[in-house]
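Novice: Right, I'll just put the structure down here and ask away after.
Derivation of every value follows stated rules applied to the coordinates shown; laboratory data play no part. Because the structure is a prediction, the values reported are computed rather than measured. Positions of Cβ are backbone-derived with ideal geometry, glycine not excepted, and every protein chain shown enters the neighbour counts.
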Amino acid sequence: MFLAKYILEDSKEKSIFIAASLIGNTGNLGIPLGIALYGESSVAYTSIINIANVFFIYTVGIYFFAKERFNIFDSIKSMLKIPILWFALLAIIFNLAGFKIDQNIDKVLQMGAYATIVIQLIIFGMYLSQIKLKTINYTLSLKVAFAKHLIVPTIGLIVIINTNLDPMVASLLLIELMVPLAVNTVNIAALYDCKPYDLTASILITTIIFIAILYFYLQIIQYFLWS
């Protein structure tokens, strides 16, 4: 929020910068990446981080994307209408209560989850197909990438190395801070008319940058958290 005041003028771009810089693809990318690096034992930690990210997206994220059209009260009202928050809370309550879902029902829920991932990627592809390279807001995208891939991970690293966390848990936390923007933020930006095409371009650019510098990220993790 402090940086946005000085590096951006458009209010919608400020909202995108603030929200998108802190919202990462902790589910579709973060969880598989954790498995690839540290095995299935990482899933417990990456899943918890992903749940926290879901709550962040659909509370703080919605507030910033919606604040151009609604006041604070209406923004909060719009948050309460989002089904994923209620189902996430219900899932946590079921988990804490030790409730077991029947295997057949669980299979149906998994099929639904996989289907929604495909639908989300189709929606993202529809927006991406409308973007032309000449019209991409590169200034906004690169500023978001600067915050997402440099500022946030640097702050995270400073905090993490001053804790007594297990190296694997610390590494997973840092990786989840480093992943590119979440694809489902396009839905929210479109819903509240907050430059969804500019956000789509930012997702594409941060993903490309992440792929390019992932090796260096892993070297940093190895040096600071495992040595």
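Novice: Once fully extended, how much extra length lies between F2 and V152, figured as 0.36 nm per residue of separation less the alpha-carbon to alpha-carbon distance? Can you show the working numbers first?
Specialist: Values: separation 150, 0.36 × 150 = 54.00 nm, distance 1.32 nm.
Result for the pair: 52.7 nm of gain on full extension.
Novice: Take the Cα gyration tensor of segment 1-154, multiply each eigenvalue by 5, square-root it, and list the three semi-axes largest first, rounded to whole angstrom.
Specialist: Here the semi-axes work out to 31, 20, 17 Å.
Novice: To continue, here is another question. How would you rank 207-219, 45-57, highest first, on the average number of other Cβ atoms within 10 Å across their residues?
Specialist: Ranking the peptides 207-219, 45-57 by packing returns 45-57, 207-219.
Novice: Run the numbers for L165 and K134: contour at 0.36 nm per residue of separation, minus the present Cα-Cα distance, in nm.
Specialist: Length gained, L165 through K134: 6.6 nm.
Novice: Excluding same-chain residues fewer than 8 positions from K77, which lysines have a Cα within less than 23 Å of its Cα?
Specialist: K12, K14, K67, K195
Novice: Let me ask something additional. How many angstrom lie between the C-alpha centres of segment 208-227 and segment 47-75?
Specialist: For segment 208-227 versus segment 47-75, the Cα centre distance is 29 Å.
Novice: Also, quick follow-up: Between L90 and N28, take the C-beta separation as r, use R0 = 25 Å, and let me know the FRET efficiency to the nearest 0.05.
Specialist: 0.70
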